[in-house]
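Working notes, structure below.
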Amino acid sequence: SKGKAGKYMKKINKKKIFFVSITFLITLCLLFYFIFSYYSTLIQPRTIHKKNKKNTSYPTVSFVAVGDNIIHENVYQYALKQGNNTTYNFKPCYQNIKKYISDHDLAYINQDTLIAGDSYGIKGYPNFNSPEALIEDLKDTGFNMVSGATNHSMDLGKDALISSAQLWKKQSNILFSGLYDSQEDCQTIRVIEKNGIRFSFLSYTFGVNEATKRQYRNQLQIYPYILGQLDKEQIKEDVEKAKEQSDVIIVACHWGKEDVSQISDLQKEYAQYFADLGVDVVIGNHPHLIQPIEKINHTLVIYSLGNFLSTMKDVYNQLEGMVCFDFVKKEDEISIENIQYVPLVNHYNDNVVTIYSLKEYTSTLASQHSILKDQANIIKEFKNYVKQMISNDDIDIEM
């Protein structure tokens, strides 16, 4: 009958309306969910810990490197104030960067100034001796790979250099290279194992400062083994030994021209030589400015990361680099993946000496900087400069 059919149709229509409504609400919710997910992903702040997607089933070792740790008088005087004038406390100098350094399996720094022992007297430029307390504070920050072969290695002569080598040898869980207390010590390759991958660490300098070279010329001639120097025969011998003992060879090289961003002929020559020998990574020190990064064959060459901690006076001495990447072992081959470049700013004035990442550095901080305070738009200038210097598409710049 028509009455029954009408009631039946009304029930169907109600069900249809109910079904359509529920479907519409579900679709709307899903739509809002995807839109929210998409945009929230876009606005997530990038951090230096961000990694490309990787297969964690492969043995992996994370690595971070920074530039030259130069303990000028203003630096150690600030550390003395932080220790209530009774001891040196450098921890505040590194406190803004510690979270990044300690996050990695291997953390490299170039200790540009000698640490010979406090009995030699604490000294700043030009003939340095940095406080012993610095060693523990570097360890506390997370550094466990330290290069010591620099142009300042002979600032106080042979005995002070040997004393420094012995101080570093006493440190547990620190791989130190470049200064040696004997021929046997020089011939001992520094090796460390992390997550099933073995690393060798070598360190060399182009030489020492002319003033100290003249004063201590005979000492280095009689005892050449106390300092790792750019000698191709010695380097080849060291690399061959290192290959027998490890999977990866990392070389620290003190080279280039001070306050010059262009790569020198010496840098080009030795970068190619290290690549020809099959070195995996070369980390350059000494120019006090950031320089490019490139691959030569399979060798990653970081020409200069600039300074790390200092009170140098030029504007671009304050812009620094930190590089992070992973060593990944796949079957019998080890590759370098997830390369990230993190610009840093060396920040100081009469009351503080410390370091910030560039992405955390503000115009307010810049206005308080002894050198940067008169530089309008310096943060933007630094960012543009980094993009010019680090133009490799394989490197993710975090700033």
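Observations
- Test: residue in segment 368-388 that is assigned to a helix (DSSP H, G or I), within 22 Å of residue 70 (Cβ to Cβ) and open to solvent by 50 Å² or more (accessible area, probe 1.4 Å): yes
- Looking only at residues of segment 194-223 that are at pLDDT below 95 and of a type in the set (Ser, Thr, Tyr), we find that the one that is surrounded by the most Cβ atoms within 10 Å (Cβ to Cβ) is 212.
- Taken together, the residues in segment 141-155 that are of a type in the set (S, T, N, Q) and under 14 Å from residue 108 (Cα atoms) amount to 3.
- Any hit, segment 317-338, residues being modelled with pLDDT of 95 or more, open to solvent by 70 Å² or more (accessible area, probe 1.4 Å) and under 26 Å from residue 268 (Cβ atoms): no
- Checked against (1) hydrophobic (A, V, I, L, M, F, W, C); (2) more than 22 Å from residue 199 (Cα to Cα); (3) in a loop (DSSP other than H, G, I, E, B), residue 279 passes all but a single condition, namely (2).
- In segment 72-86, the residues that are under 14 Å from residue 128 (Cα atoms) and outside any helix (DSSP H, G or I) form Cβ pairs under 8 Å with partners that are open to solvent by less than 100 Å² (accessible area, probe 1.4 Å) and among the aliphatic types (A, V, I, L, M), at six or more places apart or across chains, as follows: 72/312.
- Candidate set from segment 302-319 (those that are in a strand (DSSP E or B) and under 21 Å from residue 126 (Cα atoms)); member that is nearest to the chain's Cα centre (by Cα): 308
The values are calculated or read from the model by the stated rules, or taken from the named source; none is laboratory data. As the structure is a computational prediction, the values presented were derived from the model and not from experiment. Because the Cβ atoms are built from the backbone with ideal geometry, glycine has one as well, and the counts that use them run over all protein chains shown. Accessible surface is based on the protein model in full, side chains and every heavy atom, while ligands, DNA and RNA are left aside. Shrake-Rupley method; radii C 1.70, N 1.55, O 1.52, S 1.80 Å.
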